[in-house]
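This report refers to the structure that appears directly beneath it.
Nothing in this text is a laboratory measurement; each read-out follows from the coordinates by a stated rule. Everything numeric in this text was worked out from a predicted model, so none of it was measured. So basically every Cβ, Gly included, is an ideal-geometry build from the backbone, and we count neighbours across all protein chains shown.
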Amino acid sequence: MQRIISALLCAAFAFTAAACSKDAEPEASPPPPTAAKAGDEAAPAAIEDKDLPVETDFEEAASTEITADNYKDELEALATEIEAEQ
């Protein structure tokens, strides 16, 4: 019984290894961007990671502007600002 189970497990492993070893077909690359025609919308500017604001950019200002006394007012101001944007 153990020989049969061992043989089945070895066969399953062999099929799995064979299926995983096949190289995936390379994906087709997207066509190169074409020059914008007159009247077309301008292409969006490229944004780099260093241009995106992150939490550490705001930590110092938040630690000095938001205190235990005014955190509820600051939270309400943020909620109002978010609602206005939607």
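Among the GluC sites (Glu not before Pro) in the range 44-83, those located in a DSSP loop and surrounded by at most 14 other Cβ atoms within 10 Å of their own Cβ are GLU48. Look at where the Cα atoms of the range 68-86 and of the range 43-66 average out, and the two centres are 19 Å apart.
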